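The values are calculated or read from the model by the stated rules, or taken from the named source; none is laboratory data. None of the values given here were measured: they were computed from a predicted structure. We place every Cβ from the backbone using ideal geometry, glycine too, and count neighbours over all the protein chains shown.
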Amino acid sequence: MGVFPHAVHVPCAFGVPCTVSRRDVRRPRSRHCVPPNASPNDDATTYVPTDRVAALQSEGAYAVLAKATALEKQGRNIVHLEIGQPGFPTPAHVVEAGVRAIREGKTKYAAPDGTPGLRQAIATHVSETRGVSVSPEEVVVGPGAKPGLFFPTLCLVNPGDAVIYPDPGFPTYKAMISVAGGVPVPAPLRADGKSFDMEVLRKLITTTKPKLLVVNSPGNPTGGVVPLEDITEIVQLAITHDFWIMSDEIYGRLVYDDTVARSCISVPGAKSRTILVDGFSKTFCMTGWRLGWAVMPAELARQVELLATHSYGCVAQFTQEAGVAALTGSQDGVEEIKAEYKKRRDFVVESLNAIKGVNCPIPDGAFYAFPDVSAYGKTSQEIADALLNQAGVAVLPGTDFGKNGEGKIRISYVGEMETLREGMNRIAKYFEGLEVVE
Ligand code: PLP
């Protein structure tokens with residue numbers, strides 16, 4: 001039933017489309033339908049979103065998945081290249097730790113900022129991998145990485161504060177900024193998708209005086225890894241212009257070749273103004289477990305903890321036990337999966353670049369390719385729609401990630417080789433039927 005599982009569609013007494021809860025179906029129609037041209041005195045309530053949420057939009061991936069599923073229900077065969085979700089199972093020792101914890105009765109409330117065991121494991125892991133000393137008091141565990149993005153933003157950004165974020169970039173950034181009442185300032189990425197256009201970024205910083213800047217490396221949707229010199233400059237700019245940095249490193253372990261993803265928090269002077277966001281979803285194939293973390297100065301962590309207390313309360317204890325096993329147990333699975341993604345990346349990028357008019361930079365990390373398809377003179381939305389409806393391949397238009405994604409499409413290469421081969425064949429065939437106009 002889509003978004004509202006308890007909703008049904010009923011013919012409306014006023015001739016307007018009407019979706020009501022199952023409970024309301026039996027009520028007189030006038031109580032649940034809003035007649036067109038209703039006067040303010042009519043006994044009906046119209047929902048008006050608050051300013052805080054009015055600009056919110058869904059993630060494009062959900063919308064495309066829904067369209068693709070609808071086509072499949074009509075009997076169409078669709079190759080799914082839209083989802084940013086690992087196809088591999090969660091490593092067995094991690095599953096076992098979670099199941100064991102349930103059997104041991106670890107099914108009660110936990111501390112809102114995370115169990116001491118998991119916060120310690122995260123503090124140790126971050127200290128070792130980022131080369132800075134992190135204590136458990138600076139760690140907040142959440143259901144996925146998203147609360148680690150959202151809640152610190154709510155705690156730092158006052159209405160009217162500017163927040164700079166990458167464009168194209170993960171849609172949650174703009175959402176969290178607008179819910180906080182901040183002013184979203186999209187900063188364009190370079191054509192190769194690796195990093196910000198630093199010249200533009202410098203100007204945006206001096207003109208908008210941001211409270212916060214979001215960095216995402218490796219990045220979604222481009223797969224780009226921000227070079228060390230840019231990371232260092234961003235931290236220096238943050239110190240000079242006194243703003244915070246939110247470093248989203250959810251794909252930090254998925255980096256190919258000899259490229260190293262550098263963390264802002266590792267740069268001297270950065271730690272006291274950085275929120276490092278990471279989690280288990282991508283590295284350990286744990287998207288549905290909902291487990292992530294953020295590292296930040298302890299005073300900010302206490303404030304974020306209060307938001308956790310009053311919203312989701314805590315993350316399930318047994319999920320956190322699985323997290324401890326993921327961080328402290330064998331890392332062989334992570335390396336195997338990375339090697340497999342690299343093969344898939346090479347195949348996808350090579351196949352795309354073999355198509356006349358398509359130009360795909362080699363992504364250094366994550367599991368996305370972000371080819372430029374602007375040579376065909378169509379918008380990315382038109383191309384994504386045609387790929388789905390005509391060729392039977394679900395991809396995301398680059399504009400789902402911001403205006404600067406125009407002319408690009410996002411292809412997720414998490415699927416098996418066979419799926420990717422079929423997807424690439426269909427994409428090649430579709431573009432062969434088009435003319436390159438620029
Ligand atoms: N950050 C980026 C860049 C992502 O792509 C995603 C998920 O796709 C997240 C954060 C959210 O991760 P989680 O599912 O752990 O909340």
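A few notes on this one:
- The set of residues in segment 365-387 that are part of a helix (DSSP H, G or I) and either loosely packed, with under 15 Cβ neighbours inside 10 Å or on the phi > 0 side of the Ramachandran plot (or both) contains only GLU382.
- Any chance VAL225 is in a loop (DSSP other than H, G, I, E, B) and of a type in the set (Val, Ile, Thr): yes
- Restricting segment 246-273 to residues that are more than 22 Å from ASP346 (Cα to Cα) and among the acidic types (Asp, Glu), the residue that is surrounded by the fewest Cβ atoms within 10 Å (Cβ to Cβ): GLU249
- Some residue of segment 96-119 being part of a helix (DSSP H, G or I), outside the structural domain of GLU416 (by TED's automatic domain parsing), out of contact with any strand residue (DSSP E or B) (no Cβ under 6 Å at 6 or more places or on another chain) and among the hydroxyl-bearing types (Ser, Thr, Tyr): no
- Which listed residue, of THR222, THR240, is surrounded by fewer than 19 Cβ atoms within 10 Å (Cβ to Cβ), modelled with pLDDT of 95 or more and farther than 18 Å from ASP278 by Cβ: THR240
- Matching entry among VAL200, VAL163, VAL185, VAL214 (being among the aliphatic types (A, V, I, L, M), modelled with pLDDT of 95 or more and part of a helix (DSSP H, G or I)): VAL200
- Test: VAL349 is surrounded by fewer than 20 Cβ atoms within 10 Å (Cβ to Cβ), in contact with a Ser or Thr (Cβ under 7 Å, 6 or more places away or on another chain) and assigned to a helix (DSSP H, G or I): no
- Output for segment 135-150, where each listed residue is within 12 Å of the ligand (Cβ to nearest atom) and assigned to a helix (DSSP H, G or I): LYS146, PRO147, GLY148, LEU149, PHE150
Okay, residues lined up against (1) touching a Leu at 6+ places or on another chain (Cβ under 8 Å); (2) more than 12 Å from the ligand (Cβ to nearest atom); (3) farther than 22 Å from LYS146 by Cβ:
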{"site": "THR232", "(1), (2), (3)": "no, yes, yes"}
{"site": "ASP242", "(1), (2), (3)": "no, yes, yes"}
{"site": "LYS282", "(1), (2), (3)": "yes, no, no"}
{"site": "CYS285", "(1), (2), (3)": "no, no, no"}
{"site": "GLY288", "(1), (2), (3)": "no, no, no"}
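- Filter pass, GLY405 being touching a residue at least 60 places away in the same chain (Cβ under 8 Å) and more than 20 Å from GLY193 (Cβ to Cβ): no
- Filter result for THR206 (assigned to a loop (DSSP other than H, G, I, E, B), outside the structural domain of VAL395 (by TED's automatic domain parsing) and at pLDDT 95 or above): no
- The lone exception for GLY313 - which of (1) assigned to a helix (DSSP H, G or I); (2) closer than 30 Å to GLY98 by Cα; (3) more than 16 Å from the ligand (Cβ to nearest atom) it fails: (1)
- For ILE362: the one exception among (1) over 22 Å from the mean Cα position of the chain (by Cα); (2) surrounded by fewer than 23 Cβ atoms within 10 Å (Cβ to Cβ); (3) among the aliphatic types (A, V, I, L, M): (1)
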